[in-house]
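For reference, the structure is listed below as structure tokens.
The values are calculated or read from the model by the stated rules, or taken from the named source; none is laboratory data. Remember, it's a predicted structure, so these values are computed and weren't measured experimentally. Cβ sites come from the backbone with ideal geometry, for glycine too, and all protein chains shown count toward neighbours.
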Amino acid sequence: MSTQPKNKFSKVCISEENTKWKECIKREKPLYQRRDDIRSEFYRDYNRILHSTAYRRLKHKTQVFFATRNDHICTRIEHVTHVASVSYTIAKFLGLNTELTNAIALGHDLGHAPFGHQGEEILKRIAQNKINNTFWHEHNSLHFVDKIETLPDENGKEQNLNLTYAVRDGIICHYGEVDENAIFPRDENIDLYQIERVGEYAPFTWEGCVTKIADKISYIGRDIEDAIALGFLTHSQLKEFKKIVSGITGITDIREINNTVLMHGFIIDLCKSSSPENGLRFSETYLPYINSIKKFNFDNIYFHKRLECFRKYAKLIIDSIFETLSTYYDGKDTLKRVINCEKFYPILSRTFSEWLIKYSNLDLRKRNSLNFNNEIIYNIQNEKDYYLAIIDYISGMTDSFAIKVFNELTSF
């Protein structure tokens, strides 16, 4: 790596000299200031995400393999850590703002539903049927950092995270594929809630683009490692994978193929091939290579028959929780009905009633006594708002908590 030119992107990094700087550090409202704080705006964002409860819950959320009890199988929090590591390595070498990439990486998957992409598909169907809207985890991650997650301020009042524009932008724009046209940041500062679909806009910063690519580099090799460890791949499938990898790396022994080897190759090739003029890109050799591995994963791992039973189980769990809570809607008396179901479902009743108190105007006296000073986002007298509250509540669950609630629903 030392033979490659470093800091190729230093003139376009997000710094005070960049024309996008003021837009990038803008917040919806000023954050309270701490005495003698030595952190940058982006590092404050990194800390705020790190301290959030949504970040903590990632350790019990599916990456690929549902509700795993194997400590060595990747969960969502490990994936996020990999993305932060890969994006830091790339940004550091290219001369970009590593504090910004770290904050984006840490927050990019906070909106993932329980049971990974399967949970996302279930909630998408519910959202379409009940509120004539859609659900996708990139948008939900923005929704969570903007409206759901809170931290206590210097007076102990729970306030919204209120992150900078550049971090919020990188979060909602993190998904999308790396193709032959390479990735360039967009020029315009837009209302992020006007983004209606995955990959509609490129990130606003080069740092956001780096994190977007780091997401892909981080998961494809790790997913294969787990599939091998769990015995998902047959001898012929392993031979196919070895053939793909050996064509680039020269490695012929499957025991030497691991995630660090794959990530290293992708990182080096990306740093070598990219420039502000040509965009963030892989070489003509590595682009089909990463696409071949991704195709291998889709063909052999993500829709594996051993996952089918758990897909059905996840659907049963999420649908059951949603349908149960739906029955308690009664306009202004909804909260009372949810609280009254505690004798049957104590965990569900307590946690969902707290959710309604925190994010709606149903009980302002109780809300104030609990030091909630975050934005009110539901008018529960509106039935669609109530359904949205249930969707948000479920999307924040871990796999294990969703299973715990479901077990409560089925216990007599």
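Brief remarks on what is shown
- In the stretch 10-28 there is no residue matching the filter, namely being of a type in the set (V, I, T) and closer than 30 Å to F303 by Cα.
Each row is one residue, and each column tells you yes or no for (1) of a type in the set (S, T, Y); (2) surrounded by 17 or more Cβ atoms within 10 Å (Cβ to Cβ); (3) touching a residue at least 12 places away in the same chain (Cβ under 8 Å).
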position	(1), (2), (3)
I25	no, yes, yes
F42	no, yes, yes
S52	yes, yes, yes
R57	no, yes, yes
T68	yes, yes, no
I73	no, yes, yes
L94	no, yes, yes
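- Within the stretch 276-341, helices (runs of 4 or more DSSP H) holding 3 or more residues that are touching a Gly at 6+ places or on another chain (Cβ under 8 Å) and surrounded by 18 or more Cβ atoms within 10 Å (Cβ to Cβ): 286-297
- Filter pass, E180 being assigned by TED's automatic domain parsing to the domain that holds R281, modelled with pLDDT of 90 or more, more than 20 Å from the chain's Cα centre (by Cα) and loosely packed, with under 15 Cβ neighbours inside 10 Å: no
- Any hit, the stretch 97-111, residues being in contact (Cβ under 8 Å) with a residue 12 or more places away in the chain, touching a helix residue (DSSP H, G or I) at 6+ places or on another chain (Cβ under 8 Å), in a loop (DSSP other than H, G, I, E, B) and surrounded by fewer than 19 Cβ atoms within 10 Å (Cβ to Cβ): no
- Which listed residue, of D187, D153, D191, D146, is crowded, with 20+ Cβ neighbours inside 10 Å, on the phi < 0 side of the Ramachandran plot and charged (D, E, K, R): D146
- Just one of (1) closer than 26 Å to S10 by Cβ; (2) small (G, A, S); (3) in contact with an Asp or Glu (Cβ under 9 Å, 6 or more places away or on another chain) fails for S85. It is (3).
- Subset tally (residues that are over 16 Å from Q159 (Cα atoms) and either touching a strand residue (DSSP E or B) at 6+ places or on another chain (Cβ under 8 Å) or not in a helix (DSSP H, G or I) (or both)) for the stretch 362-388: 10
- Residue within the stretch 75-86 that is among the hydrophobic types (A, V, I, L, M, F, W, C), at pLDDT below 95 and crowded, with 20+ Cβ neighbours inside 10 Å present: no
- Filtering the stretch 119-137 to residues that are under 14 Å from the mean Cα position of the chain (by Cα) and part of a helix (DSSP H, G or I) leaves G119, E120, H137.
- Members of the stretch 311-347 found to be under 30 Å from the mean Cα position of the chain (by Cα) and charged (D, E, K, R), listed by number: R311, K312, K315, D319, E323
- Among helices (runs of 4 or more DSSP H) entirely within the stretch 1-91, having at least 2 residues that are closer than 30 Å to N258 by Cα singles out 41-50, 53-57.
- Qualifying residue in the stretch 380-388 (condition: surrounded by fewer than 18 Cβ atoms within 10 Å (Cβ to Cβ), under 23 Å from the mean Cα position of the chain (by Cα) and either over 22 Å from H60 (Cα atoms) or in contact (Cβ under 8 Å) with a residue 40 or more places away in the chain (or both)): no
- Any hit, the stretch 157-168, residues being touching a Cys at 6+ places or on another chain (Cβ under 8 Å), in contact (Cβ under 8 Å) with a residue 24 or more places away in the chain, in the same structural domain as C271 (by TED's automatic domain parsing) and in a helix (DSSP H, G or I): yes
- Residues that are closer than 15 Å to A113 by Cβ and not aliphatic (A, V, I, L, M) within the stretch 134-170 comprise T134, F135, W136, H137, E138, H139, N140, S141, H143, F144, listed in sequence order.
- Test: residue in the stretch 196-208 that is over 19 Å from N278 (Cβ atoms), modelled with pLDDT of 95 or more and of a type in the set (S, T, N, Q): no
Every residue, every condition in (1) of a type in the set (K, R); (2) outside any loop (DSSP other than H, G, I, E, B), yes or no:
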site: A202; (1), (2): no, no
site: V210; (1), (2): no, yes
site: I213; (1), (2): no, yes
site: E225; (1), (2): no, yes
site: K243; (1), (2): yes, yes
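- Out of N140, N189, one residue alone is in contact (Cβ under 8 Å) with a residue 12 or more places away in the chain and in a loop (DSSP other than H, G, I, E, B). It is N189.
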